[in-house]
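> Here it is, the structure in full.
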Amino acid sequence: MARVLITGASGLVGGELLQLLQADPQVTAIVAPTRAALVPHGKLQNPHGGELSELLAGLDQPVDVVFCCLGTTRRQAGSAEAFRHVDYQLVMASALAGQRLGAQHCLVVSAIGANPRSPFLYNRTKGEMEQALRAQNWPRLTLVRPSMLLGRAKPRLLERLSEPLFALLPGKWRSVAAKDVAQTLLTQAFSAGSGVKIVESDQLHCAR
């Protein structure tokens, strides 16, 4: 039985994962801090209404596993600084809160092409985030690197234009359903292992 912390529960992957956690008998409690209130559930503890960093700082009940499904784009965030705040600083805050509460396994949604030396802001930030998580010395760290995500009710313009192409790409570049990413996170959380594990996008298509 496990108590879990999840950040990004109102997002695409996080929303799918939240449903899986609620249905899983291995999970006894779900702590999901969010800015806006989530739909109530018997297992769910949902501190909300403030900044995520403040909500995380206020948590004091132990957890076993932490999931971080946070993510945005520079365009959505409005600036490079705002993008890094979500995709780097809040991810670090989530992981550190999990460590403080006793979690032994941290699972994070990263992205294909994550590389701290990339010339591209998105890939570089994801790479730096992965590097910083490794430096936290988790007993177990799982990094999931999906390609373009499918499943939004209202896909972004670029996603609508790119989806036909990404569906035809080979291997890890092919688009992947958000629910497959969520299922992989859940499966990895309750499977045996230790150390750092990277799950590339081409390993997600058969995760249902």
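The values are calculated or read from the model by the stated rules, or taken from the named source; none is laboratory data. Computed from a prediction, not measured in an experiment: that's the story for all the values here. Ideal geometry is used to build each Cβ from the backbone, glycine not excepted, and the neighbour counts take in all protein chains shown. When the accessible area is computed, the model is the full protein with side chains, heavy atoms only, and any ligands, DNA or RNA have been set aside. Shrake-Rupley method; radii C 1.70, N 1.55, O 1.52, S 1.80 Å.
> I need the full set of residues from region 11-31 which are among the small types (Gly, Ala, Ser), open to solvent by less than 40 Å² (accessible area, probe 1.4 Å) and part of a helix (DSSP H, G or I), in order please.
Scanning region 11-31 gives 14, 15.
> I'd like the residue in region 143-190 that is among the hydroxyl-bearing types (Ser, Thr, Tyr) and open to solvent by less than 40 Å² (accessible area, probe 1.4 Å) and, out of all such residues, is modelled with the lowest pLDDT.
By that ranking, first place goes to 162.
> Within region 32-67, take every residue that is assigned to a helix (DSSP H, G or I) and in contact (Cβ under 8 Å) with a residue 40 or more places away in the chain and give me the one that is farthest from the chain's Cα centre (by Cα).
57
> Please verify whether residue 39 is closer than 18 Å to residue 99 by Cβ and either touching a Lys or Arg at 6+ places or on another chain (Cβ under 6 Å) or aliphatic (A, V, I, L, M) (or both), treating the condition exactly as stated.
So residue 39 fails the test.
> Then there's this: Being crowded, with 22+ Cβ neighbours inside 10 Å, farther than 24 Å from residue 176 by Cβ and out of contact with any helix residue (DSSP H, G or I) (no Cβ under 6 Å at 6 or more places or on another chain) is true for just one of 102, 98. Which residue is that?
Answer to the check: 98.
> Of everything in region 110-125, what is in a loop (DSSP other than H, G, I, E, B) and surrounded by 14 or more Cβ atoms within 10 Å (Cβ to Cβ)? Give them in sequence order.
Those that are in a loop (DSSP other than H, G, I, E, B) and surrounded by 14 or more Cβ atoms within 10 Å (Cβ to Cβ): 110, 111, 112, 113, 114, 115, 116, 118.
> While we're here: Within the set of pairs 6 or more residues apart or between chains, which connect a residue that is of a type in the set (A, V, I, L, M, F, W, C) inside region 125-146 to a residue that is assigned to a loop (DSSP other than H, G, I, E, B) with Cβ atoms less than 6 Å apart?
From region 125-146, the pairs are 143/110.
> Which residue, of 49, 8, is of a type in the set (Gly, Ala, Ser) and crowded, with 24+ Cβ neighbours inside 10 Å?
8
> If I filter region 75-83 for residues that are closer than 19 Å to residue 204 by Cα and in contact with a Ser or Thr (Cβ under 8 Å, 6 or more places away or on another chain), do I get at least one hit?
Within region 75-83, not a single residue is closer than 19 Å to residue 204 by Cα and in contact with a Ser or Thr (Cβ under 8 Å, 6 or more places away or on another chain).
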